[in-house]
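Enquirer: One structure, as structure tokens, below. Some questions next.
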Ligand SMILES: [Zn+2]
């Protein structure tokens, strides 16, 4: 099982080495901004690296919203990030499920997702799997609770999209982790990536504050059980920099594969 971390984008491969990580995830542009991603000088190194590369799209992207001034730039920025992620050989581009505004019909959000994927197809396709991630908060989210996820997948399931399961978001979002993988796969048929994070906040809090795997309000063994059941590559998006993330990665290796825990 490939295990890695979300790292600073300056030199992701050095960050992987520092953590003994098999995989890295990073941003290609300011996650709070609308700037298009720029070509990277280390594209060739990233493409040919042993380390698996994932890209996280900016948080500002919301292809579901009824607000044209967010939705249209979101479609364009998502496609731009997909092309830039493809250029560095990324295995997937993670993007949050998004939400509609209070009072808007949730179905419009699912329909807007379908339109965003059709827009990308007309623009030559993403070039790599786009992985929709479950989110922790909001009452009108497209991928917080599984009832919404089921409606989202009804809308987008015919397109080439995957799913990224964040354990902190599921717990804080109000989905029990026990048997979660089975319930998700019954909807999506797949889990392409796990974001393995503990949560500083309680079940159903709607808050998105990650904690190290052995900290937080989730039983670490429950996290391990979810990761084992998912059988997908794992990225920790946990605090504590190199030390905190290295410990989280080492903990998972020990728990998941005791024979080869020492590397
Ligand atoms: Zn995440």
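Bear in mind that the values in this text are calculations on the coordinates, not laboratory data. Predicted, not measured: the structure shown is a model, and the values here were computed from it. Ideal geometry is used to build each Cβ from the backbone, glycine not excepted, and the neighbour counts take in all protein chains shown.
Enquirer: From 155, 148, 170, which residue is touching a helix residue (DSSP H, G or I) at 6+ places or on another chain (Cβ under 8 Å), farther than 26 Å from residue 125 by Cα and surrounded by 14 or more Cβ atoms within 10 Å (Cβ to Cβ)?
Expert: After ruling out the rest, the residue left standing is 170.
Enquirer: Out of the residues in the stretch 187-213 that are within 15 Å of residue 231 (Cα to Cα) and surrounded by fewer than 17 Cβ atoms within 10 Å (Cβ to Cβ), which is farthest from the ligand (Cβ to nearest atom)?
Expert: 189
Enquirer: Let me ask something additional. Are there any pairs with C-beta distances below 6 angstrom linking a residue in the stretch 223-248 that is in contact (Cβ under 8 Å) with a residue 60 or more places away in the chain and closer than 18 Å to residue 210 by Cα to a residue that is within 14 Å of the ligand (Cβ to nearest atom) and part of a helix (DSSP H, G or I), with the two at least 6 apart or on different chains, and if so which?
Expert: From residues that are in contact (Cβ under 8 Å) with a residue 60 or more places away in the chain and closer than 18 Å to residue 210 by Cα, the pairs are 226/167; 234/227; 236/245; 236/248; 238/245; 238/248.
Residues are listed down the side, and each one gets a yes or a no for (1) closer than 24 Å to residue 180 by Cβ; (2) under 16 Å from the mean Cα position of the chain (by Cα); (3) not in a strand (DSSP E or B):
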site: 112; (1), (2), (3): no, no, yes
site: 116; (1), (2), (3): no, no, yes
site: 124; (1), (2), (3): no, no, yes
site: 128; (1), (2), (3): no, yes, yes
site: 138; (1), (2), (3): yes, no, yes
site: 147; (1), (2), (3): yes, no, yes
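Enquirer: Could you grab me the full set of residues in the stretch 56-87 that are within 16 Å of the ligand (Cβ to nearest atom), in contact with a helix residue (DSSP H, G or I) (Cβ under 6 Å, 6 or more places away or on another chain) and within 16 Å of residue 9 (Cα to Cα)?
Expert: 57
Enquirer: Is it the case, given these coordinates, that residue 90 is within 16 Å of the ligand (Cβ to nearest atom) and farther than 17 Å from residue 187 by Cα?
Expert: Here the answer is yes, as residue 90 does meet what is asked.
Enquirer: Scan the stretch 151-161 and tell me whether some residue there is under 24 Å from residue 197 (Cα atoms), assigned to a strand (DSSP E or B), touching a strand residue (DSSP E or B) at 6+ places or on another chain (Cβ under 6 Å) and within 16 Å of the ligand (Cβ to nearest atom).
Expert: For the stretch 151-161, residues under 24 Å from residue 197 (Cα atoms), assigned to a strand (DSSP E or B), touching a strand residue (DSSP E or B) at 6+ places or on another chain (Cβ under 6 Å) and within 16 Å of the ligand (Cβ to nearest atom): absent.
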